[in-house]
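S.K.: Submitted below is the structure of interest, expressed as structure tokens.
The values are calculated or read from the model by the stated rules, or taken from the named source; none is laboratory data. All values reported here derive from a predicted model rather than from experimental measurement. Heads up, the Cβs are rebuilt from the backbone with ideal geometry, glycines too, and the neighbour counts pull from every protein chain shown. SASA here: full protein model, heavy atoms, side chains in, ligands and nucleic acids out. Shrake-Rupley method; radii C 1.70, N 1.55, O 1.52, S 1.80 Å.
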Amino acid sequence: MSIGIVGLGYVGLPLAVSFAEAGEQVIGVDVDHGRVAELTSGHSPIEDIPDERLQAVLGSIQFTTRTVELHEAEAILVCVPTPLTRNREPDLGPLQSAAQALAGVVRRDQLIVLESTTFPGTTRGHMVPMLEESGLRAGEDFALAFSPERVDPGRTDYTLRTTPKVVGGLTPACTERAVEVYGRVCDHVVKVSTPEVAELSKLLENIFRSVNIALVNELAILADRMDIDIWEVIDAAATKPYGFTRFDPGPGMGGHCLPVDPFYLAWKAREYDLSTEFIELAGKVNQYMPYFCMDKIERALNDAHKPVRDSRVLLLGVSYKAGVGDIRESPALKIIQLLRKSGADVRYHDPHVPELVEHDLRSVSLDDLDVDLVVIVTAHPSVDHEAIVERAPAVLDLRGSTRHLGATQL
Ligand SMILES: NC(=O)c1ccc[n+]([C@@H]2O[C@H](COP(=O)([O-])OP(=O)(O)OC[C@H]3O[C@@H](n4cnc5c(N)ncnc54)[C@H](O)[C@@H]3O)[C@@H](O)[C@H]2O)c1
């Protein structure tokens, strides 16, 4: 018996490796031939899974593009993307094609679990009808559940094993099946009564972050106008031992989750005659942040008697968060676009992102800091920001990572 994983990205690959490390046989399916070939050769495109870790379990994982290989699997975990369309509406395309392919292979007594983040009702309202095209009944002939993924790329203090995993099955028996399977790789599995509770719990987690980041971003804009140090304010508030959770301002939200997932719920809420104001407002504030940062860049250059046009601006860190190379929805990309529109000569350094193909840029060395302004957009721990503050003519720090230096350039 084996565990099948559909979609081998940031979520699916760590899951596949974890099950293999726990002694399971794993079949990993992805529609991307290139990815399957890369993984089969022992090369991991996901930073959280170093090549050595993947290579150590290659004997237990079969990577393939053929969903039919999953027919004999004991359980199939679906980790395909759930993006937005151009009109910012849920795009269930990858999920639908995965479910349609699974309808052709699902067999009696199999367990299928959806892990992709999505609006409440997806498992019951979308997965069930598509999977039942097989002629088998969900919850009777095969088990079906939703279990949201909580992977946080770059995080090392919590792992798949030590992060509690929420599971909601179509029936209590479906939940028990999923709890047993996840119990092999997670120390603590949390049962909830329905897939809808599990689906909404994941969105609550992401919306909680999005709204709190927006709140602190809005206060950062105000504090800037009032000439108050927002970081000192947050440090002070964070000394309260209860009733306050720290969030830090930044150049905007990136990654696959926070800029996307809340809008799955906002879209669904409209069906219930409700406009989810917090979600929309948080999205609006967070989307504005790159423009605010552009304003700060203009002011920093102005202080140096320089116009934006033809100024040499070096962005430090272009991925959406520290320590990872993921550039999806990264606010740095928007800042590059705004700078170029104003005629700036843009370059960047990022140890995790060797090139930005769409912007025709390659990461430059930090040996030569012959620029007008350095902007710390994402503060990677591997970059010596202190040395840069010492050498650069001017530094604008959008993350507050160098404020302890008290340098005049900032
Ligand atoms: N990245 C994160 O940190 C994170 C965290 C929690 C939850 N999630 C959620 O998990 C889901 C997957 O996200 P991800 O970041 O792993 O995406 P990803 O883009 O890194 O990986 C998805 C993989 O699925 C493959 N795929 C697409 N359609 C397929 C299909 N029909 N059949 C088989 N494979 C298919 C793609 O080729 C890709 O390799 C999303 O719903 C996301 O919101 C992501």
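S.K.: What about Thr65, is it within 10 Å of the ligand (Cβ to nearest atom) and either buried (at least 21 other Cβ atoms within 10 Å of the Cβ) or modelled with pLDDT of 95 or more (or both)?
M.R.: Values: within 10 Å of the ligand (Cβ to nearest atom): yes; either buried (at least 21 other Cβ atoms within 10 Å of the Cβ) or modelled with pLDDT of 95 or more (or both): yes.
Against the criterion (within 10 Å of the ligand (Cβ to nearest atom) and either buried (at least 21 other Cβ atoms within 10 Å of the Cβ) or modelled with pLDDT of 95 or more (or both)), Thr65 qualifies.
S.K.: Report the residue count in the stretch 339-357 for those that are among the β-branched types (Val, Ile, Thr) and open to solvent by 30 Å² or more (accessible area, probe 1.4 Å). Let's see the steps before the verdict.
M.R.: Step one: filter the stretch 339-357 for residues among the β-branched types (Val, Ile, Thr), giving 346, 353, 357.
Retained after the next criterion (residues that are open to solvent by 30 Å² or more (accessible area, probe 1.4 Å)): 357.
The number of residues fulfilling the criteria is 1.
S.K.: Something else now. Does Arg312 fit the bill of being farther than 27 Å from Gly343 by Cβ and basic (Lys, Arg)?
M.R.: Details: farther than 27 Å from Gly343 by Cβ: no; basic (Lys, Arg): yes.
Against the criterion (farther than 27 Å from Gly343 by Cβ and basic (Lys, Arg)), Arg312 does not qualify.
S.K.: Then there is this: Which one is farthest from the chain's Cα centre (by Cα), of the residues in the stretch 4-32 that are within 15 Å of the ligand (Cβ to nearest atom) and farther than 16 Å from Val80 by Cβ? First the steps, then the outcome.
M.R.: Initial filter on the stretch 4-32 (within 15 Å of the ligand (Cβ to nearest atom)): 4-18, 26-32.
From what is left, the residues that are farther than 16 Å from Val80 by Cβ are 17-18, 26.
Working: Val17: 19, Ser18: 19, Val26: 24 Å.
Once the filter is applied, the top-ranked residue is Val26.
S.K.: Count, please, the residues in the stretch 270-310 that happen to be assigned to a loop (DSSP other than H, G, I, E, B), open to solvent by 60 Å² or more (accessible area, probe 1.4 Å) and either among the β-branched types (Val, Ile, Thr) or under 25 Å from Leu219 (Cβ atoms) (or both).
M.R.: Step one: of the stretch 270-310, the residues assigned to a loop (DSSP other than H, G, I, E, B) are 271-276, 304-310.
Subsequent filtering for residues that are open to solvent by 60 Å² or more (accessible area, probe 1.4 Å) retains 271-275, 305-307, 309-310.
From what's left, either among the β-branched types (Val, Ile, Thr) or under 25 Å from Leu219 (Cβ atoms) (or both): 275.
The qualifying residues number 1.
S.K.: Limited to the stretch 70-104, what total is found for residues that are more than 22 Å from the chain's Cα centre (by Cα), open to solvent by 10 Å² or more (accessible area, probe 1.4 Å) and away from the ligand (no atom under 12 Å from the Cβ)?
M.R.: Adding up the residues that qualify gives 5.
S.K.: Looking at the stretch 254-269, which of the residues that are assigned to a helix (DSSP H, G or I), within 16 Å of the ligand (Cβ to nearest atom) and not basic (Lys, Arg) is nearest to Val324 (Cα to Cα)?
M.R.: Restricting to residues being assigned to a helix (DSSP H, G or I), within 16 Å of the ligand (Cβ to nearest atom) and not basic (Lys, Arg), the top hit is Asp261.
S.K.: Looking at Val313, Val308, Val216, which is the one that is modelled with pLDDT of 95 or more and in contact with a Phe, Trp or Tyr (Cβ under 6 Å, 6 or more places away or on another chain)?
M.R.: Values: Val313 fails: in contact with a Phe, Trp or Tyr (Cβ under 6 Å, 6 or more places away or on another chain); Val308 fails: in contact with a Phe, Trp or Tyr (Cβ under 6 Å, 6 or more places away or on another chain).
Every option except Val216 fails the conditions.
S.K.: Sticking with this structure for a sec: Leu39: of a type in the set (A, V, I, L, M, F, W, C), in contact with a His (Cβ under 7 Å, 6 or more places away or on another chain), within 16 Å of the ligand (Cβ to nearest atom) and over 18 Å from Ala178 (Cβ atoms), yes or no? Even if it seems obvious, please write down each step before you answer.
M.R.: Numbers: of a type in the set (A, V, I, L, M, F, W, C): yes; in contact with a His (Cβ under 7 Å, 6 or more places away or on another chain): no; within 16 Å of the ligand (Cβ to nearest atom): yes; over 18 Å from Ala178 (Cβ atoms): yes.
Considered against the rule, which asks whether it is of a type in the set (A, V, I, L, M, F, W, C), in contact with a His (Cβ under 7 Å, 6 or more places away or on another chain), within 16 Å of the ligand (Cβ to nearest atom) and over 18 Å from Ala178 (Cβ atoms), Leu39 comes out as no.
Rundown of residues vs (1) out of contact with any Ser or Thr (no Cβ under 6 Å at 6 or more places or on another chain); (2) part of a helix (DSSP H, G or I), yes/no style:
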site	(1), (2)
Ala16	yes, yes
Arg35	yes, yes
Gly42	yes, no
Phe63	no, no
His71	yes, yes
Thr82	no, no
Arg86	yes, no
